[in-house]
Amino acid sequence: NLIVKDLIIAIGLIFFIEGLLIAIFPSRIKSMLELIKNTPENRLRIFGVIFLVIGFLIIWYIKN
């Protein structure tokens, strides 16, 4: 039950932060999306794995 609550809070924070960034910097977000569109998939995959590991380590550190 606590895990589900934490997961829902995490998803809510993702929506909040993304919405805030889009509301404050719409033109910057559009240019970042264009940059992502032109980035090779392998590089995006590597960045995704790096962010995944960093996020996991942050969560693990906070929870322990």
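What is the helix-to-structure angle for 26-37, meaning the angle in degrees between its Cα long axis and the longest Cα principal axis of the chain, kept from 0 to 90 and rounded to the nearest 10?
The two axes meet at around 80 degrees.
Distances over 16 Å make up what percent of all Cα-Cα pairs in the chain?
65
So if we plug the beta-carbon distance of Ile50 and Phe16 into 1/(1 + (r/R0)^6) with R0 = 35 Å, what FRET efficiency do we get, rounded to 0.05?
0.90
Work out the length of the dipole vector of the chain about its Cα centre, built from +1 on the beta-carbon of each Lys and Arg and -1 on the beta-carbon of each Asp and Glu, and round it to the nearest 20 debye.
80
Any idea of the accessible area per residue across the chain, 1.4 Å probe, to the nearest Å²?
I get 99 Å² per residue for the chain.
Rounded to the nearest 0.05, what FRET efficiency do Trp60 and Lys30 have when you use their Cβ-Cβ distance and R0 = 30 Å?
My answer for the efficiency is 0.30.
The values are calculated or read from the model by the stated rules, or taken from the named source; none is laboratory data. Quantities reported herein were computed from a predicted structural model and do not represent experimental measurements. Neighbour counts run over all protein chains shown; Cβ positions are idealised from the backbone, glycine included. Note: accessible area is taken over every heavy atom of the protein model, side chains too, but ligands, DNA and RNA are not part of it. Shrake-Rupley method; radii C 1.70, N 1.55, O 1.52, S 1.80 Å.
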